[in-house]
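Values in this text are rule-based calculations from the coordinates and carry no lab data. On a predicted model such as this, the values are computed, not experimentally measured, just so you know. Cβ placement follows ideal geometry from the backbone for every residue including glycine, while neighbour counts extend to all protein chains displayed.
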Amino acid sequence: MIAIRIIPCLDVDCGRVVKGVAFKDLREVGDPVKMARCYYQQGADELALLDIGATFRSRETMVDIVERVSREIFIPLTVGGGLRTVEDIQRLLRAGADKVSLGSAALADPQLLARAAARFGSQCVVLSIDAGLDNGAWRVYSHGGRRETGWDAVAWARRGEELGAGEILLNSIDRDGSGQGYDLDLLRGVSAAVAIPVIASGGAGSLEQLAPAVLQGGAHAILLASLLHDGKQTVPEIKTFLREQGVICR
């Protein structure tokens, strides 16, 4: 078993960290720079900073926030939201990002994954997949879960790997913010279909729900938001509990 990563996720809208349920009913939870510093000091392995409103509202990416966060933390930083071109990606990398997350833009132009991988390396390219269950099948959605794309989640994951994505951020829309646990069937389906790491996202509400994402779902990393933002747990507490469950942590 590989050592899994714990990745706090900061969903940002209008420059503030927000959290919702199934991508709706957003509430403000804090300042991204202060929260990033806190999770870094707690021992997070990586950090994800996602501008969840950028694609839908056609805003520019939050370069200033990325620059400020990158000065406060010294762990890999993944940034996503509103990235449409190789130039957009380069701008974020220069601002301090280590990886970029591509979702809606990759669906609109799959070759963006290939161009980004060729220019910056696959290790820099994360394919973000927002998947929802529709008549027994996992469908991929774009624009913050607002548009159904026609893609099957497993097929799109395979295609993303072929195009050069270095890992997959797999988010269950149905479980997002629900506290009901990760969608293990979705995780298993995608993890078994690709050779690149899969990050589990969407649904963690208790410590007991984390280990199954790795041991049953095949996840290589765990993305966390509500469990951390609401003060229920800290990163050290999460790693200690996972190790007790037989999960190797970094």
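Please order S191, S142, S201 by the number of other Cβ within 10 Å, starting at the fewest.
Details: S191 24, S142 20, S201 30.
Sorted ascending by nearby Cβ count, the order is S142, S191, S201.
In nanometres, what is the gap between the two model label sites at R147 and R119, each 7 Å from Cα along Cα-to-Cβ?
Here the modelled spin labels are 2.1 nm apart.
Tell me, what is the percent relative contact order of the range 165-248, built from C-alpha pairs under 8 Å that lie six or more residues apart?
Details: 139 pairs, mean separation 23.6, N = 84.
Relative contact order here is 28 percent.
Once you put a point 7 Å from the Cα of A108 and another 7 Å from the Cα of I2, both along the Cβ direction, what distance in nm separates them?
3.1 nm
How many angstrom lie between the C-alpha centres of the range 121-156 and the range 183-230?
15 Å
If you stretched the chain out fully between Q245 and A195, how much longer would it get, using 0.36 nm times the residue separation minus the C-alpha to C-alpha distance? Mind showing how you got there, number by number?
Working: separation 50, 0.36 × 50 = 18.00 nm, distance 2.46 nm.
Between Q245 and A195, full extension yields an extra 15.5 nm.
When ranked by the protection proxy of mean other Cβ atoms within 10 Å per residue, highest first, what sequence do the peptides 124-131, 163-170, 225-232 form? Walk me through the numbers before you get to the answer.
Details: 124-131: 26.2, 163-170: 24.1, 225-232: 18.0.
Per-residue mean Cβ counts within 10 Å order the peptides as 124-131, 163-170, 225-232.
So for the chain, averaging the separation of alpha carbon pairs under 8 Å that are six or more residues apart and normalising by length, what relative contact order in percent results? The partial results should precede the final answer.
Details: 557 pairs, mean separation 48.1, N = 250.
Once divided by the residue count of the chain, the mean separation gives 19 percent.
Once both labels are modelled 7 Å past Cα along the beta-carbon direction, what's the L215-Q90 spacing in nm?
For L215 paired with Q90, the spin-label model returns 4.8 nm.
For each of M35, M62, count neighbouring Cβ atoms within 10 Å of the residue's Cβ, then give the residues from fewest to most. Please report the intermediate quantities before stating the final value.
On the way: M35 20, M62 25.
By the 10 Å Cβ count, ascending: M35, M62.
Determine the percent antiparallel among the DSSP beta bridges restricted to the chain, to the nearest 5. Show your work: numbers first, answer last.
On the way: 15 of 46 bridges.
For the chain, the DSSP antiparallel bridge percentage is about 35.
Rank the residues I52, I4 as a footprinting-exposure proxy: fewest other Cβ atoms within 10 Å of their Cβ go first.
Working: I52 20, I4 24.
With the fewest neighbours first, I52, I4 line up as I52, I4.
log10 I(q)/I(0), Debye, Cα-only the range 39-192, no solvent, q = 0.09 Å⁻¹?
-0.27
Which FRET efficiency, nearest 0.05, do R188 and Q41 yield, Cβ-Cβ r, R0 30 Å? Numbers along the way, then the final one.
Values: r = 34 Å, r/R0 = 1.13.
After rounding to 0.05, the efficiency reads 0.30.
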